[in-house]
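These notes concern the structure reproduced below.
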Amino acid sequence: MDPLCAAVSLEKRKRTHTLPLPLSPCLPAISMRRGALIVLEGLDRCGKTTQCGLLLERLRAVSTAEPQLLKFPDRETSTGKLIHGYLAEGQQVHDRAVHLLFSANRWEKSDMIREALLAGSCIVCDRYAYSGIAFSAAKGIPLEWCRQCDVGLPEPDLVLFLDMPPGASEKRASYGEERYERTDFQERVKDVFQELQQQEKERGCPWTIINADQSIEEVQRDINLAVDACLESCNQGKPVASLWSDESTPAP
Ligand code: T5A
């Protein structure tokens, strides 16, 4: 049986109240005790946006609460417009100032994220605080300084790192249009991502590494397996934690 179908049928057995109407003949919609915050990370052009869209569709088919998609940087907000000017229009901003802008851009969404999770909506997030650290530390800013600005954001329930050799993403469409899309810089970013991955593993929050250098369907299959396990743990009442902090909000 498809793992998601298995998770759904397990969920169905556990619930005592009325289940909502099925959204598809194969997958009955489930009402999540709380939503999951699922983050996709990786180097530029590794396929995050493609996979976030596919995952959102899948979650939409199986969950009664509407899943939401966030992308950082969110270029529509006032901080996001400044970031876009820096990334795509060559505007000059001090390295530490732009780091703070990226972090502020996430904080603007933090209350909304927590509320949505507690209301049962899953959130699929295209980049998060880890990108903030990796890209700034790759410029030489101390890693711990970079981390501090994001301490206390809602903690992801699942971090999927789309792993790809820096040279491979160069071959993908539109590579090179933005400020950081240079192979030497991407290699430094990857080194910091690896350091972060190790640190997260040591504190008991391991990332799931997905081989992104395969077909879109194969990447999607690997992501789906990891997501199914994550949804189940959120449904069992895992609290909404705060990133790199001891605070948490109990699940309803
Ligand atoms: N940044 C970000 C910071 O410095 N600090 C921060 O705090 C944050 C949050 C912009 C930049 O900002 C930096 C990091 C970035 O340099 P972005 O807008 O997320 O961040 O920029 P990108 O990572 O470049 O995002 P993209 O949307 O451009 O790339 P994706 O999402 O990784 O890739 P995607 O899905 O758009 O795919 C790229 C191309 O590859 C194809 C797609 O069809 C598309 O053409 N593709 C595949 N081809 C073959 N096989 C596959 N498996 C494929 N998957 C996708």
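The values are calculated or read from the model by the stated rules, or taken from the named source; none is laboratory data. Given the structure is predicted, the values throughout are model-derived calculations rather than measurements. Positions of Cβ are generated from backbone atoms using ideal geometry, with glycine treated the same way; all protein chains shown enter the neighbour counts. For accessibility, only protein heavy atoms count, side chains too; no ligands or nucleic acids. Shrake-Rupley method; radii C 1.70, N 1.55, O 1.52, S 1.80 Å.
Per-structure values
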item: Area accessible to solvent at Ser31, 1.4 Å probe radius, in Å²; result: 40 Å²
item: Which listed pairs, of Lys81/Lys190; Lys48/Lys171; Lys71/Lys109; Lys48/Lys71; Lys139/Lys190; Lys71/Lys139, have C-alpha distances above 19 Å, in listed order; result: Lys81/Lys190; Lys71/Lys139
item: Ranked order, Asp246, Asp74, Asp184 - accessible area, probe 1.4 Å, largest first; result: Asp246, Asp184, Asp74
item: Within the accessible area of the chain (1.4 Å probe), percent carbon and sulfur; result: 53 percent
item: Percentage relative contact order, region 162-252, counting C-alpha pairs under 8 Å, at least six apart; result: 22 percent
item: Protein-only accessible surface order, largest first, of His99, His94, His84 at 1.4 Å; result: His94, His84, His99
item: Among Gln68, Gln220, Gln91, residue whose mean-square fluctuation peaks in a GNM of the chain (springs only between Cα atoms under 10 Å); result: Gln91
item: 10 Å-binned pair-distance histogram of region 109-225 (Cα, whole percent); result: 11, 38, 38, 13, 0
item: Quotient of C-alpha Rg and 2.2 N^0.38 Å, computed over the chain; result: 1.02
item: Surface accessible to a 1.4 Å probe, Trp145 within the full protein complex, Å²; result: 80 Å²
item: Whole-Hz couplings from phi, Karplus 6.51/-1.76/1.60, listed for region 139-150; x for Gly and Pro; result: 8, x, 6, x, 4, 5, 4, 4, 5, 3, 5, 9
item: Rg(Cα) / (2.2 N^0.38 Å) computed for region 166-252, rounded to two decimals; result: 1.41
item: Unit charges on C-beta of K, R, D, E only; dipole of the chain, Debye; result: 580 debye
item: Taking the chain and dividing mean pair separation by its residue count, relative contact order in percent (alpha carbons under 8 Å, at least six apart); result: 28 percent
item: Cα-centred dipole magnitude for region 104-252, charges only on beta-carbon of K, R (+1) and D, E (-1), debye, nearest 20; result: 220 debye
item: MRE, 222 nm, helices only [DSSP H, n ≥ 4, -39500 (n - 2.57), over the chain, to nearest 500]; result: -14500 deg cm²/dmol
item: Residue-by-residue Karplus 3J(HN,Hα) for region 181-186, coefficients 6.51, -1.76, 1.60, Hz, glycine and proline x; result: 7, 9, 4, 4, 5, 4
